[in-house]
Amino acid sequence: MMSPAADLKDLPLAVSCGDPAGIGPDIILTAWANRAATTLPDFVCFADPNLMRARAKRLALDVAIEVLAEPANRASDGALPVLALANETSEAPGVPDPRHAAGTIEAIERAVAACSDGYCAGVVTAPIAKKPLYEAGFAFPGHTEFLGALAKEIDPARATPVMMIAGPQLRTVPVTIHIPLSDVQAALSEQAIVETIHIVHRDLIDRFGVTAPRIAVAGLNPHAGESGALGVEDDALIAPAIARVQADGINAWGPLPADTMFHAAARKAYDAAICMYHDQALIPAKTLAFDDGVNVTLGLPFIRTSPDHGTAFDIAGTGKARADSFVAALRMAANMAAIERAMAVAA
């Protein structure tokens, strides 16, 4: 529900702090400390304020923390606005602890709720680590699947999360995500490919402003199966899925040999590449944009972006963490919100 008092042009982004033992607090604080030079979009942070103060001190960053009572409130000039979590966390960089899982989960839930309630324009999540969450009983494979479950409570019709890695030169989308390579063949289906392409097509229009999306689809096998000589999935699953979306008016083509899809000339022909498994999508995306790539979740009733890296426990609290990808995630979320708002006004 949109807050009646909310001015759509001035809504901040909702940032969840991620695993407190990782570099989430570091990149949030570093980005805020350098906000004048990087022209950051406005955001509020869902975190333990004592953790953020302690990490700022450890990093020797002159960042004032101001605790807000509500997401609609504004902080004093220069202060990082923080919505305090009910679950407190200790400041121990590099030491993941299952006892912090409740706070990590709460930050995500409350950031999503702030968007759902109309107080924030989108969610930007700092990195989480799966192992301490699993040890605390977390029932989801990762961030994306958990966000899908939260989305289902908001709008069941838009609760199919699709992961996109987006950078200045390339957008890639894996149909299957965090599963072993040995399980990919069984997990792929014609319907899953069709649904993924439809979601990518819709969000390219609604949130990226691509008026006529062009979607290239990778094959699963070397040389896209080479007419069945190197595997049957390309002809049996992927080609029929492409034919179905083409019949729906979507400009998609393939299956294409993945080894020739990502050079500079090939990338000019499409707006997004659909890939069949995790590394097929992420290797080219991270090669081209390791520091400023953004993890975007499509198919949700709210905007969600994230830095395209993990918790980096080994450098947490050292001052070595770069905030480039987090800044890129903030900017992308703000741009997506602006495009979505303009589309809604035009409609």
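Structure summary
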{"quantity": "Helices (runs of 4 or more DSSP H) within the stretch 258-347 that include 3 or more residues open to solvent by less than 30 Å² (accessible area, probe 1.4 Å), over 24 Å from I197 (Cβ atoms) and touching a strand residue (DSSP E or B) at 6+ places or on another chain (Cβ under 9 Å)", "calculated": "324-346"}
{"quantity": "Tally, over the stretch 38-58, of residues that are over 24 Å from the mean Cα position of the chain (by Cα), over 25 Å from I105 (Cβ atoms) and of a type outside the set (D, E, K, R)", "calculated": "0"}
{"quantity": "Members of the stretch 24-47 found to be open to solvent by 10 Å² or more (accessible area, probe 1.4 Å) and within 19 Å of T311 (Cα to Cα), listed by number", "calculated": "T30, W32"}
{"quantity": "Flag if T144 is closer than 15 Å to I303 by Cα, surrounded by 15 or more Cβ atoms within 10 Å (Cβ to Cβ) and in contact with a His (Cβ under 9 Å, 6 or more places away or on another chain)", "calculated": "yes"}
{"quantity": "Hey, R202 closer than 20 Å to P174 by Cβ and surrounded by fewer than 17 Cβ atoms within 10 Å (Cβ to Cβ) or not", "calculated": "yes"}
{"quantity": "Qualifying residue in the stretch 194-217 (condition: farther than 22 Å from F302 by Cα, in a helix (DSSP H, G or I) and of a type outside the set (V, I, T))", "calculated": "no"}
{"quantity": "Residue satisfying condition, being hydrophobic (A, V, I, L, M, F, W, C) and at positive phi, within set A312, A328, A334", "calculated": "A312"}
{"quantity": "Matching residues, the stretch 153-186, being surrounded by 13 or more Cβ atoms within 10 Å (Cβ to Cβ), of a type in the set (G, A, S) and within 17 Å of I238 (Cα to Cα)", "calculated": "none"}
{"quantity": "Tabulated pairs, the stretch 52-73, first under 19 Å from P12 (Cα atoms), second of a type in the set (A, V, I, L, M, F, W, C) and open to solvent by 60 Å² or more (accessible area, probe 1.4 Å), C-beta under 8 angstrom, 6+ apart or interchain", "calculated": "A72/A5"}
{"quantity": "Pairs, first of a type in the set (D, E) in the stretch 267-284, second at pLDDT 95 or above and surrounded by fewer than 23 Cβ atoms within 10 Å (Cβ to Cβ), C-beta under 8 Å, six or more apart", "calculated": "D271/L204; D271/F208; D271/V210; D271/P213; D271/R214"}
{"quantity": "Filter result for R244 (modelled with pLDDT under 95 and either over 26 Å from D117 (Cβ atoms) or not in a loop (DSSP other than H, G, I, E, B) (or both))", "calculated": "no"}
{"quantity": "C115 being in contact with a Gly (Cβ under 8 Å, 6 or more places away or on another chain) and either open to solvent by less than 40 Å² (accessible area, probe 1.4 Å) or touching a residue at least 12 places away in the same chain (Cβ under 8 Å) (or both)", "calculated": "yes"}
{"quantity": "Selection count, the stretch 227-250, where residues are open to solvent by 30 Å² or more (accessible area, probe 1.4 Å) and either touching a residue at least 24 places away in the same chain (Cβ under 8 Å) or in contact with a Cys (Cβ under 7 Å, 6 or more places away or on another chain) (or both)", "calculated": "4"}
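The values are calculated or read from the model by the stated rules, or taken from the named source; none is laboratory data. Owing to the predicted nature of the structure, the values given are computational and were not obtained by experimental measurement. Note that we place each Cβ from the backbone using ideal geometry, even for glycine, and neighbour counts take in every protein chain shown. Accessible surface areas use protein heavy atoms only, side chains included; no ligands, DNA or RNA. Shrake-Rupley method; radii C 1.70, N 1.55, O 1.52, S 1.80 Å.
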